[in-house]
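In what follows, a single structure is set out as structure tokens and then discussed.
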Protein chains: 2
Amino acid sequence: MDRRKEYLEKADLLKPALRVERVRPVAGLPAEPMAEGDSLLLDFGNHHVGHVTLKLNYAGSHPDAPVWLRLKFCESPRELNETVEGYKGWISKGWIQEEQLHIDVLPCELSLPRRYAFRYLRVEVLAVSLKFRLAVEDAWLDSTTSADDGALAPFEGTPEEAAIDRVAVRTLRSCMQDFFEDGPKRDRRLWLGDLRLQALTSYATFHGDDLVKRCLYLFAAAAGDDGQLTACLFTEPKLEGDDNWMADYALLFISTLKDYVAHTGDLETGRDLLPVALRQLELSESYFDPQTQLVRDGDAKSLTRRQQSKGPENQANMVDQSAFFIDWNLTLNKQAAGQAVWIYCTRDALRLMALLHETDGAEALRQRIEARSAAAVARLYDGERGLFVSGTDRQVSWASQVWFALADVLPREDALRALENVALDGEAAIMVSPYMMHHYVDALYHLGCPEKAHQVMMDYWGGMVRLGADTFFELYNPANPDESPYGSPIVNSYCHAWSCTPAYFLRGGAKER
Amino acid sequence: MDRRKEYLEKADLLKPALRVERVRPVAGLPAEPMAEGDSLLLDFGNHHVGHVTLKLNYAGSHPDAPVWLRLKFCESPRELNETVEGYKGWISKGWIQEEQLHIDVLPCELSLPRRYAFRYLRVEVLAVSLKFRLAVEDAWLDSTTSADDGALAPFEGTPEEAAIDRVAVRTLRSCMQDFFEDGPKRDRRLWLGDLRLQALTSYATFHGDDLVKRCLYLFAAAAGDDGQLTACLFTEPKLEGDDNWMADYALLFISTLKDYVAHTGDLETGRDLLPVALRQLELSESYFDPQTQLVRDGDAKSLTRRQQSKGPENQANMVDQSAFFIDWNLTLNKQAAGQAVWIYCTRDALRLMALLHETDGAEALRQRIEARSAAAVARLYDGERGLFVSGTDRQVSWASQVWFALADVLPREDALRALENVALDGEAAIMVSPYMMHHYVDALYHLGCPEKAHQVMMDYWGGMVRLGADTFFELYNPANPDESPYGSPIVNSYCHAWSCTPAYFLRGGAKER
């Protein structure tokens, strides 16, 4: 029953036509002809994704030697002063958007073959002969997206809210290309956990329902032989799942499909992909200890699979003992949050089955949810402290409280109290990614605290806006805005899918439980 | 009577179809997949000019980041260990055949858009992620020339002669593209003095007569409004003469046209271009002092025109006080050699007119040759020392003796003695370019000393062969083979038109007077 080929055909049929807008710099031109060592900074006014053409000419004698140029594309001005040579981090410097090239014939229109995600372009003359200078006469960008600007309703709110919404919408728009990219500068691939947040924000903004559908089919088509969904996938040169598995991302396929069916009423797709969704639940059984009904603390199977796929540095930096991702915090123990994600997604599986009028196996799932919720309360909830703990070291973290709040394991008041208590615990493992911050804000809405949720969102994402963001960053630490987990902002992704959800919240997407 | 448009149309009609041969490396492949920092040296077995394609793939996980490569193309292994960063010379480092580029999708066939002149290609992995390695599965070169290998007669001679002939023929072949390039790596343009030597060698080898004709028309079409021929021209993006004038190069158009008509019998082209040739004689009158009938020592007009076209460094390095080029020796006084070149070329004008049965003005030219030969003997020939001297400082140089020998100003015995005497003068200004060495060898043949001519040629060009040359260099100092006048071999041209003439001599092209 290998239906992956069929899924891929459906995904291919949904491949969107990209919308192209020609954009010219708002600053930098006209410019004086440049000699060796001169440079020029072009500002295209906002974050864009696309292909650049430079119209080049010369001043002086007929060029008697090739021009040698360096082009540097930056999403954020923070990247401008960073150099490739200065970058020693573990993420590949292949991501740095910097080119060197030669121009043999002038005048010419230099159309660069690669796509870039950027607002700023620095043109630097590495070599020009003494007989002439290089003139940049014009420059333009064919900015692409598959988002339909016409589908976006005007935003109503305060100027601060409008600013956050604008940046969030821009973030999603730049990530909407052939599929929902996680970051159009870096990593340019489709991640399942990010897809879910993009889909929710898309429903509230561009209504890119077919793109969500396409991405669901891409994941279904890229599943392993055992049916397990990869955490992310590549579409070029042909579809291939990354050898990277994350238990929570695979489970969130269920929630993403449920959201899609609930939003669109497309029951056909729901029925088509339900087996893929339910297969993730079957596979997730291996994460549980049958005795305790708890997610095992440090899942060896997952570690082995992930170790195979990583180099030695990645192992040191990225891989922890868990099958779950949850957040970028490497000290986080993920047992409790993993347990909560499972309950959350299994509840969504029941909702999805209900939408599809599918009852087979529902009762068994309900019982498992009950058993594992009870196990969580019995063994992971510290009633005296009013907090969930995780792992053999009984770690207290924000992530555990947030996910158990979303999983509806405790009465509302207790769940709220857990969030209040963790805020008072200076030792608690913190949230480090906008992805995790989203779930915190979502949990606050879910628990009926829209003012608090709004305040958290305005503080956190508003901080990036106050830093001049055109799009929301992959990572943002309000206590240290210039921090890069990679060693240099030059490889940071300043436009990242999982950070786009303020538009979802501000446009009323979140619902109380 | 501006016929330049008509000349250009004729030149365009003669644009050759390039012959393409697919060539694969003789060493370097197969190779192990490469990690960051690894490199691979491909050897294509001989000097080639053309476009390269690399067939790339990966080993390991699906690529999760772009590959960043550096490609370095070298004519000579001497270039391999030189770096762009280490180059501080005055010739533009834009000439260095080194690229950096990113590969977004693997597997792929990477077809590089630029043309390179090289034998060696080093592929260096500047960045690859830890999840995969880069595999160079195949590499090929579409090697181009407009030379007809089928027209080349087998060479008969000693192994040493055959080796020199092979390298000379390869040099010419690599330079024969859309036109006779001076160097396919650097400078890739058409120079008049070089054209003359290429044409002579072509008659003895590939018989590229139409290419010679095309280049004559290109120069005629690129003349200034006053009819003066530029020393070199560009054909891209459209025909344009360089703002660089050399009195001897312009005069040698006459000899090149005479050689062409004599070799081909194409009187129509001869008649078409005769006015262009004779115009150079008219214009050359300004170089003479009407009192002495000698070329002025340090021609101010020429200096002004050339200064306009040069940057400050070029002025310091390249421009001397003369309208004549003669040789790359910057200490050379060019008055005497200039006088001799004028006589030599004017004699060729008479020969050309005779071929075309054109008598108008011939007698006047004959009288001028007489007068200027007499003036040279009277004022530039030091009868006691048996040598020509040049300039107010009465400089003794090889160039002066060589050109007066070619110009038939002295009886044969005196001309020979001048060459013997200059060899005994340790203070004499030396010859530094293969271009000037050609004229020395040519003078020896001309004076009826074929053994001596042959020996000089075998010693000088044979020295390059013994250094492993695949093609003959732009510049070669036997006393210091690693010398570069540019500060680094990385911008040297190791395949240069004006060095190709041993095939002309070895195949019997030179004639006694």
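The values are calculated or read from the model by the stated rules, or taken from the named source; none is laboratory data. Only a predicted model underlies this, so the values are computations on that prediction, with no experimental measurement involved. No Cβ is skipped: glycine too gets one built from the backbone with ideal geometry, and neighbour counts run over all protein chains shown. Each accessible area value is taken on the protein alone, full model and side chains, heavy atoms only, with ligands, DNA and RNA left out. Shrake-Rupley method; radii C 1.70, N 1.55, O 1.52, S 1.80 Å.
Please indicate, with yes or no, whether at least one residue in region B:121-128 is open to solvent by 10 Å² or more (accessible area, probe 1.4 Å), over 18 Å from B:L18 (Cα atoms), away from chain A (no Cβ under 14 Å) and in a helix (DSSP H, G or I).
no
Taking the condition basic (K, R), within 27 Å of B:G468 (Cβ to Cβ), at pLDDT 95 or above and open to solvent by 30 Å² or more (accessible area, probe 1.4 Å), does B:R133 pass?
When the stated conditions are applied, B:R133 does not pass them.
Outside any strand (DSSP E or B) and closer than 30 Å to B:D259 by Cα: does that describe B:V105?
no
Looking at this structure, is A:P77 surrounded by fewer than 18 Cβ atoms within 10 Å (Cβ to Cβ) and not basic (K, R)?
Considered against the rule, which asks whether it is surrounded by fewer than 18 Cβ atoms within 10 Å (Cβ to Cβ) and not basic (K, R), A:P77 comes out as yes.
Name, by its number, the condition in (1) surrounded by 23 or more Cβ atoms within 10 Å (Cβ to Cβ); (2) in contact (Cβ under 8 Å) with a residue 12 or more places away in the chain; (3) under 21 Å from the mean Cα position of the chain (by Cα) that does not hold for A:G94.
Failed condition: (2).
It is to be established whether one or more residues within region A:149-161 are more than 14 Å from chain B (Cβ to nearest Cβ), open to solvent by less than 10 Å² (accessible area, probe 1.4 Å) and either among the acidic types (D, E) or outside any loop (DSSP other than H, G, I, E, B) (or both). Reasoning before the result, please.
Initial filter on region A:149-161 (more than 14 Å from chain B (Cβ to nearest Cβ)): A:149-161.
From what is left, the residues that are open to solvent by less than 10 Å² (accessible area, probe 1.4 Å) are none.
No, that holds for no residue.
Give the residue that is farthest from the chain's Cα centre (by Cα), with candidates limited to residues of region A:401-456 that are of a type in the set (S, T, N, Q) and open to solvent by 20 Å² or more (accessible area, probe 1.4 Å).
Per the criteria, the residue is A:N421.
Please work out which residue is nearest to the other protein chains (Cβ to nearest Cβ), limiting yourself to region A:129-148 and to residues that are aliphatic (A, V, I, L, M) and farther than 19 Å from A:G60 by Cβ.
Selected residue: A:L141.
Sort through A:V23, A:V52 and tell me the only one that's within 15 Å of A:W140 (Cα to Cα), in contact with a His (Cβ under 9 Å, 6 or more places away or on another chain) and open to solvent by less than 20 Å² (accessible area, probe 1.4 Å).
Going through A:V23, A:V52 in turn, just one is within 15 Å of A:W140 (Cα to Cα), in contact with a His (Cβ under 9 Å, 6 or more places away or on another chain) and open to solvent by less than 20 Å² (accessible area, probe 1.4 Å): A:V23.
In this structure, is A:D178 closer than 27 Å to B:P63 by Cβ, modelled with pLDDT of 95 or more, more than 14 Å from chain B (Cβ to nearest Cβ) and surrounded by fewer than 24 Cβ atoms within 10 Å (Cβ to Cβ)? Full working, then the answer.
Details: closer than 27 Å to B:P63 by Cβ: yes; modelled with pLDDT of 95 or more: yes; more than 14 Å from chain B (Cβ to nearest Cβ): no; surrounded by fewer than 24 Cβ atoms within 10 Å (Cβ to Cβ): yes.
No.
Return the pairs, sorted by first residue and then second, in which the second residue is among the acidic types (D, E) and part of a helix (DSSP H, G or I), the first residue lies in region B:255-272 and is within 18 Å of B:G208 (Cβ to Cβ) and open to solvent by 40 Å² or more (accessible area, probe 1.4 Å), the beta carbons are less than 6 Å apart, and the residues are 6+ apart or on different chains.
Going by the 6 Å Cβ cut-off, the qualifying pairs are B:T264/B:D209.
From B:A135, B:A139, B:A117, grab the single residue that is touching a Cys at 6+ places or on another chain (Cβ under 7 Å), part of a strand (DSSP E or B) and of a type in the set (A, V, I, L, M).
Answer to the check: B:A117.
What do you reckon, is B:T331 at pLDDT below 95, of a type in the set (S, T, Y) and either under 27 Å from B:Q291 (Cα atoms) or not in a helix (DSSP H, G or I) (or both)?
Yes; evaluated as a whole, the condition is true for this residue.
Identify all residues within region B:88-120 that are among the small types (G, A, S) and more than 7 Å from every other protein chain (Cβ to nearest Cβ); write none if there are none. Spell out how you get there, then give the answer.
The first filter runs over region B:88-120 and keeps only residues among the small types (G, A, S), leaving B:89, B:92, B:94, B:111, B:117.
Selection gives B:G89, B:S111, B:A117.
Among the residues that make up region A:471-484, is at least one of them assigned to a helix (DSSP H, G or I) and in contact (Cβ under 8 Å) with a residue 60 or more places away in the chain?
no
Within the set of pairs 6+ apart or on separate chains, which have a first residue in region B:282-297 that is polar (S, T, N, Q), a second that is open to solvent by 30 Å² or more (accessible area, probe 1.4 Å), and C-beta atoms under 6 Å apart?
B:Q293/B:A371
If B:G37 satisfies every condition in (1) within 13 Å of chain A (Cβ to nearest Cβ); (2) in a strand (DSSP E or B) but one, which is the exception?
(2)
Among the residues of region A:230-262, count how many are closer than 19 Å to A:L8 by Cβ, within 12 Å of chain B (Cβ to nearest Cβ) and of a type outside the set (A, V, I, L, M, F, W, C).
9
Please specify each residue of region B:496-513 satisfying the condition of being of a type outside the set (D, E) and part of a loop (DSSP other than H, G, I, E, B). Before you say what the answer is, go through the steps one by one.
Start the filter on region B:496-513 by keeping residues that are of a type outside the set (D, E), which leaves B:496-511, B:513.
Selection gives B:H496, B:C500, B:T501, B:R507, B:G508, B:G509, B:A510, B:K511, B:R513.
Within 14 Å of chain B (Cβ to nearest Cβ), small (G, A, S) and open to solvent by 20 Å² or more (accessible area, probe 1.4 Å): does that describe A:G60?
Taking the combined requirement at face value, the residue satisfies it.
Residue-wise test of (1) modelled with pLDDT of 95 or more; (2) hydroxyl-bearing (S, T, Y).
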position: A:Q315; (1), (2): no, no
position: A:A323; (1), (2): no, no
position: A:Y344; (1), (2): yes, yes
position: A:R347; (1), (2): yes, no
position: A:T359; (1), (2): yes, yes
position: A:R368; (1), (2): yes, no
position: A:G383; (1), (2): yes, no
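Tell me the residue from B:Q280, B:Q307, B:Q293, B:Q228 that is at pLDDT below 95, touching a helix residue (DSSP H, G or I) at 6+ places or on another chain (Cβ under 7 Å) and not charged (D, E, K, R), please.
Unique residue meeting the criteria: B:Q307.
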